[in-house]
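K.L.:
First the structure, which I've put down as C-alpha cells, then a few questions once you've had a look.
The values are calculated or read from the model by the stated rules, or taken from the named source; none is laboratory data. Note that the structure is predicted; figures quoted are calculated from it, not measured. Every residue, glycine among them, receives a Cβ derived from its backbone with ideal geometry; neighbour counts consider all protein chains shown.
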Protein chains: 2
Amino acid sequence: MVDIHAESNLGGKKFRGALVQLGYESAGGQDRDGILRASLAFEVVHNAFLVHDDIMDNTDLRRGRLSVHRRYATLGEEKFPTRDADHFGVSMGINVGDLGAATAYEILIDTNFPPEKVLAAIRRLNRVIIMTTFGEALDLGFNPLSPDMRPRDILRLHLYKTAEYSFAGPLQLGAILADADVDTLLRLSKFALPLGISFQIKDDILGMFASEQLLGKPVDSDIKEGKNTLLILKARELGNLEEQEFLDYAYGNPRATQEDLERIRQIVKSTGSLEYSEGMMRRLADNAKRNATKITSNPQWQTIFYGLADLMTARDK
Amino acid sequence: MVDIHAESNLGGKKFRGALVQLGYESAGGQDRDGILRASLAFEVVHNAFLVHDDIMDNTDLRRGRLSVHRRYATLGEEKFPTRDADHFGVSMGINVGDLGAATAYEILIDTNFPPEKVLAAIRRLNRVIIMTTFGEALDLGFNPLSPDMRPRDILRLHLYKTAEYSFAGPLQLGAILADADVDTLLRLSKFALPLGISFQIKDDILGMFASEQLLGKPVDSDIKEGKNTLLILKARELGNLEEQEFLDYAYGNPRATQEDLERIRQIVKSTGSLEYSEGMMRRLADNAKRNATKITSNPQWQTIFYGLADLMTARDK
C-alpha cells in the first residue's frame with residue numbers, strides 16, 4: 001500500500017507519482033510494477049513543465065541548482081561567446097521541455113496495460129496538460145491588484161494549475177489504469193479538487209508568512225514577484241485608499257524594501273484578508289475530508305485519503 | 001487517391017497531412033474520413049513546433065503575419081505597459097506550443113482506429129518529436145564555419161529536422177494506421193529519408209540563390225542568420241585562407257552589405273561547393289526514386305511515389 005508520508009515530500013519530486021499509485025491501488029489495481037512505471041510518466045511531464053515554467057517565471061535556481069535554461073545559458077556563454085547566451089538558454093530550455101513531454105507519453109505507451117486503458121490514460125494526461133496551459137495563460141495575464149479581479153478568478157487559477165495538475169490528474173490517471181468506472185473518477189475529483197485548491201491557498205499563506213528557514217526558500221519571493229494570490233487580491237479589495245495605493249506601489253516591486261514587505265504583510269492581516277484566506281482554505285479542506293470517506297467503501301483506503309487531506313492542509317512548510 | 005500536386009503547396013500547410021494520407025492509402029487503408037482526421041494531428045503538431053521554432057529563431061513574421069510570440073508581445077505591450085512585453089510574448093508562445101502538441105495527441109486518440117494502432121501511431125509521433133528536438137539542439141549548437149564540422153553533421157541535421165519530421169514520420173504514421181508490416185515501414189523510410197535530405201539541400205540552395213520574387217521570402221535571410229547549410233560548410237572547407245576569413249566575417253553577420261552577400265554566393269560557386277551540394281542532392285534524389293518503385297508492387301502507387309520524389313527535387317521555389 002502506498003505510504004504517502006514516506007513517498008511524498010510535499011511539493012517534492014515523487015509526490016505526483018505517489019498519487020498515481022494511490023489512485024490505482026485504491027481502485028483495485030494489482031500490478032505494482034506496472035503502475036510504478038506508469039507513474040513515472042507524470043513525474044517526467046511535471047519536470048518538463050517545470051523547465052518551461054522556469055523560463056516563463058524567470059527562475060534562475062531550481063532545487064538549489066541552476067534551472068535548465070540558465071544552465072544552458074552558462075554553457076552558451078562558454079561555447080559561443082559571440083552569440084546571445086540568454087537566448088540560447090531559453091531555446092534549449094524550450095527544446096528540453098518538449099523532449100520531456102514526448103518522453104512521458106513514451107513511458108505510458110511502453111507499459112503493459114491494455115491499449116484502451118493506456119489511451120484513456122494518455123487522454124487524461126493531455127487534459128492535465130491542456131488545463132495547465134490554460135492556467136499558465138491566466139497566471140501570465142492576471143494582475144491581483146486589478147479591481148476587475150474576483151476571488152473566483154484566483155480559485156480558477158488554483159483549480160487549473162494545482163488542483164487538476166497535482167491532485168485530480170494523477171489520482172484519476174492511476175484509477176483509469178485500474179479500470180475504475182466513471183463514478184469512481186467523479187468521486188476522486190470531488191475529493192481532489194477542493195483539496196488541491198486548499199493546498200494552494202495554504203502554499204500562498206506560507207509563501208507570505210512562513211519563516212525562510214522552515215520553508216527552505218526565500219519567503220519574500222512571492223511578494224517580490226507579485227504572485228497571483230487570494231491574499232493580495234482580498235487585501236487590495238478590503239484596504240482603504242491609502243493601503244490600496246501602497247499595495248499598488250510595493251507588491252510585485254523588485255525594489256521593495258524589507259520594511260515595505262513587512263507593511264504588505266501587515267495590511268494582509270489588518271484588513272482581514274489573511275483570515276479570509278484561512279477560512280476559505282479550511283472550508284475546502286473540510287469539504288475534501290468529507291469526500292475522502294466517500295471515494296471507496298473500504299475503510300482502510302478511506303483512512304488513507306482522509307490522512308492525505310489532513311497532511312496536505314495541516315503542513316507548516 | 002491522394003493528389004500530391006493539389007494537396008501540397010511545397011513547404012505549405014497541408015503537405016505533411018497529405019503524406020500521412022499517402023502512407024495510409026498506399027498501404028491499403030480504406031477509411032478516408034478517419035485518415036483525414038488523423039492526418040490533422042501531424043499538421044497541428046507541426047504548427048505547434050513552428051510556434052516554438054519561431055521563438056528559437058527570433059522569427060517575427062510567419063506566413064506574412066506576426067508570429068505567435070510576437071503577436072502576444074504586441075498584446076502584452078498594450079495590456080501590461082509596466083511589464084516586459086517580449087518576455088510575455090515568449091512565455092505565451094511556449095504555452096501555445098505546449099497546448100498545440102497536447103491537442104495533436106488528443107486528435108489521434110479521438111479517431112476510430114483500433115487502440116493498438118492509435119498507440120503505435122502516437123509512438124511514431126513521439127519519435128518524430130524526439131528526433132526533432134535532437135535536430136533543434138544540433139541546429140542551435142552547430143557553427144557551419146567551424147573547421148570541426150563535417151558534411152555528415154549537416155546531413156544528420158537534415159535527417160532529424162527534415163527527413164524524419166516531414167517525410168518518413170508522416171508516411172509511416174499513415175502506414176501504421178493501415179496496419180502495414182515492418183517491411184513496408186522500412187521500405188518507406190528507405191524512400192523518405194534520402195528524399196527528405198535531398199529536399200533540404202535543395203531548399204538551402206534555393207535559400208541562397210533563388211530570386212526573392214520566386215521564393216516569396218527574402219533570399220538573404222539564410223545568409224544573414226548564418227543557417228547551417230552544406231553550402232557554407234563546404235565553401236569554408238574548400239576556400240583559400242582569404243576566402244575563409246571573409247566567410248568567417250560575413251556569414252551570419254546581420255550587418256553584412258549586399259556586396260558582402262554577393263561575394264559569399266560567389267565563393268560558394270567558385271570553390272565548387274554549390275556543385276558539391278547539387279551532386280549530393282541529385283544522388284539522394286536518384287536513390288529515393290529508385291526506392292520509390294520498391295515500396296509497393298502496385299504500379300499506380302509506384303508512379304505516385306516516384307512523382308513525389310520528382311516533384312520535391314525538381315522544384316524551383
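K.L.:
I'm told A:Leu231 meets every condition in (1) of a type in the set (A, V, I, L, M); (2) in contact (Cβ under 8 Å) with a residue 60 or more places away in the chain; (3) closer than 18 Å to A:Met280 by Cα; (4) touching an Asp or Glu at 6+ places or on another chain (Cβ under 8 Å) except one. Can you identify the failing condition by its number?
P.N.:
Of everything listed in (1) of a type in the set (A, V, I, L, M); (2) in contact (Cβ under 8 Å) with a residue 60 or more places away in the chain; (3) closer than 18 Å to A:Met280 by Cα; (4) touching an Asp or Glu at 6+ places or on another chain (Cβ under 8 Å), A:Leu231 misses just condition (2).
K.L.:
Next question. Could you go through segment A:106-114 and let me know if any residue there is free of Cβ contacts under 8 Å to residues at least 60 places away in the same chain, within 9 Å of another protein chain (Cβ to nearest Cβ), farther than 17 Å from B:Ile94 by Cα and not hydrophobic (A, V, I, L, M, F, W, C). Before you say what the answer is, go through the steps one by one.
P.N.:
Just the residues of segment A:106-114 that are free of Cβ contacts under 8 Å to residues at least 60 places away in the same chain, to begin with: A:106, A:109, A:114.
Now restrict to residues that are within 9 Å of another protein chain (Cβ to nearest Cβ): A:106, A:109, A:114.
Add one more test, that the residue is farther than 17 Å from B:Ile94 by Cα, and what stays is A:106, A:109, A:114.
Checking the rest, the ones that are also not hydrophobic (A, V, I, L, M, F, W, C) come to A:106, A:114.
The answer is yes; a qualifying residue exists.
K.L.:
Let me ask another. If you take the residues in segment A:69-102 that are more than 7 Å from every other protein chain (Cβ to nearest Cβ) and under 25 Å from A:Arg124 (Cβ atoms), which one is surrounded by the most Cβ atoms within 10 Å (Cβ to Cβ)?
P.N.:
If we take residues in segment A:69-102 being more than 7 Å from every other protein chain (Cβ to nearest Cβ) and under 25 Å from A:Arg124 (Cβ atoms), then A:Gly97 is surrounded by the most Cβ atoms within 10 Å (Cβ to Cβ).
K.L.:
For segment A:51-86, which positions are hydrophobic (A, V, I, L, M, F, W, C), over 21 Å from the mean Cα position of the chain (by Cα) and under 26 Å from A:Asp139 (Cβ atoms)?
P.N.:
A:Ala73
K.L.:
Can you say whether A:Ser211 is without any contact (Cβ under 8 Å) to a residue 40 or more places away in the chain, within 14 Å of chain B (Cβ to nearest Cβ) and under 25 Å from A:Arg255 (Cα atoms), as far as the supplied structure shows?
P.N.:
no
K.L.:
Within the group A:Gly34, A:Gly17, which residue is at pLDDT 85 or above and more than 25 Å from A:Val96 (Cα to Cα)?
P.N.:
Testing whether each residue is at pLDDT 85 or above and more than 25 Å from A:Val96 (Cα to Cα) leaves just A:Gly34.
K.L.:
Shifting gears a bit: Go through (1) closer than 29 Å to B:Ile267 by Cβ; (2) surrounded by fewer than 24 Cβ atoms within 10 Å (Cβ to Cβ) one by one and return the number of the condition B:Ile197 breaks.
P.N.:
Of everything listed in (1) closer than 29 Å to B:Ile267 by Cβ; (2) surrounded by fewer than 24 Cβ atoms within 10 Å (Cβ to Cβ), B:Ile197 misses just condition (2).
K.L.:
So, A:Ala120, is that one over 18 Å from B:Val96 (Cβ atoms) and either touching a residue at least 60 places away in the same chain (Cβ under 8 Å) or more than 9 Å from every other protein chain (Cβ to nearest Cβ) (or both) or not?
P.N.:
Details: over 18 Å from B:Val96 (Cβ atoms): yes; either touching a residue at least 60 places away in the same chain (Cβ under 8 Å) or more than 9 Å from every other protein chain (Cβ to nearest Cβ) (or both): no.
Spelling it out, it is not the case that A:Ala120 is over 18 Å from B:Val96 (Cβ atoms) and either touching a residue at least 60 places away in the same chain (Cβ under 8 Å) or more than 9 Å from every other protein chain (Cβ to nearest Cβ) (or both).
K.L.:
If you don't mind, there's one more thing I want to ask. Of everything in segment A:150-169, what is outside any helix (DSSP H, G or I) and crowded, with 18+ Cβ neighbours inside 10 Å? Give them in sequence order.
P.N.:
none
K.L.:
Next up: In this structure, is A:Gly23 of a type in the set (Gly, Ala, Ser) and away from chain B (no Cβ under 14 Å)?
P.N.:
Values: of a type in the set (Gly, Ala, Ser): yes; away from chain B (no Cβ under 14 Å): yes.
So A:Gly23 fits the description; yes.
K.L.:
Something else about it: Considering only residues that are touching a residue at least 40 places away in the same chain (Cβ under 8 Å), touching an Asp or Glu at 6+ places or on another chain (Cβ under 9 Å) and not hydrophobic (A, V, I, L, M, F, W, C), look in segment B:123-138 and name the one that is nearest to the other protein chains (Cβ to nearest Cβ).
P.N.:
B:Glu136
K.L.:
Check whether at least one residue in segment A:266-287 is surrounded by 21 or more Cβ atoms within 10 Å (Cβ to Cβ), under 23 Å from A:Asn58 (Cα atoms), touching a Ser or Thr at 6+ places or on another chain (Cβ under 7 Å) and touching a residue at least 12 places away in the same chain (Cβ under 8 Å), and report yes or no.
P.N.:
Looking through segment A:266-287, none of the residues is surrounded by 21 or more Cβ atoms within 10 Å (Cβ to Cβ), under 23 Å from A:Asn58 (Cα atoms), touching a Ser or Thr at 6+ places or on another chain (Cβ under 7 Å) and touching a residue at least 12 places away in the same chain (Cβ under 8 Å).
K.L.:
While we're on this one: From the list A:Glu225, A:Glu245, pick out the single residue that is out of contact with any helix residue (DSSP H, G or I) (no Cβ under 7 Å at 6 or more places or on another chain) and free of Cβ contacts under 8 Å to residues at least 12 places away in the same chain.
P.N.:
Only one candidate passes the filter, namely A:Glu245.
K.L.:
A follow-up question, please. Among (1) outside any helix (DSSP H, G or I); (2) under 22 Å from the mean Cα position of the chain (by Cα), which single condition is B:Thr111 missing?
P.N.:
Result: B:Thr111 passes all but (2).
K.L.:
Can you tell me how many residues within segment B:286-304 are assigned to a helix (DSSP H, G or I) and in contact with a Lys or Arg (Cβ under 8 Å, 6 or more places away or on another chain)?
P.N.:
1
K.L.:
Among all residue pairs at least 6 apart or on different chains, which show Cβ distances below 6 Å where the first residue, located in segment A:289-305, is more than 11 Å from A:Phe191 (Cα to Cα) and at pLDDT below 95 and the second is of a type in the set (Asp, Glu) and in a helix (DSSP H, G or I)?
P.N.:
none
K.L.:
Quick check on segment B:141-149. Is at least one of its residues part of a helix (DSSP H, G or I) and either more than 23 Å from the chain's Cα centre (by Cα) or of a type outside the set (Lys, Arg) (or both)?
P.N.:
Looking for residues that are part of a helix (DSSP H, G or I) and either more than 23 Å from the chain's Cα centre (by Cα) or of a type outside the set (Lys, Arg) (or both), one finds at least one in segment B:141-149, hence yes.
K.L.:
Select, from B:Tyr105, B:Tyr72, the only residue that is touching a Gly at 6+ places or on another chain (Cβ under 8 Å) and either charged (D, E, K, R) or in a helix (DSSP H, G or I) (or both).
P.N.:
Going through B:Tyr105, B:Tyr72 in turn, the sole match is B:Tyr72.
K.L.:
Residue by residue through segment A:43-67, note down the ones that are within 14 Å of chain B (Cβ to nearest Cβ), in contact (Cβ under 8 Å) with a residue 24 or more places away in the chain, under 20 Å from A:Pro170 (Cα atoms) and in contact with a Lys or Arg (Cβ under 7 Å, 6 or more places away or on another chain).
P.N.:
Within segment A:43-67, just A:His46 meets the criteria.
K.L.:
Here's a follow-up. Which residue pairs have Cβ atoms under 8 Å apart, sit 6 or more places apart or on different chains, and have a first residue in segment B:181-195 that is within 17 Å of B:Thr313 (Cβ to Cβ) and a second that is surrounded by fewer than 18 Cβ atoms within 10 Å (Cβ to Cβ)?
P.N.:
Final answer for the pair search is B:Lys190/B:Lys294; B:Phe191/B:Lys294.
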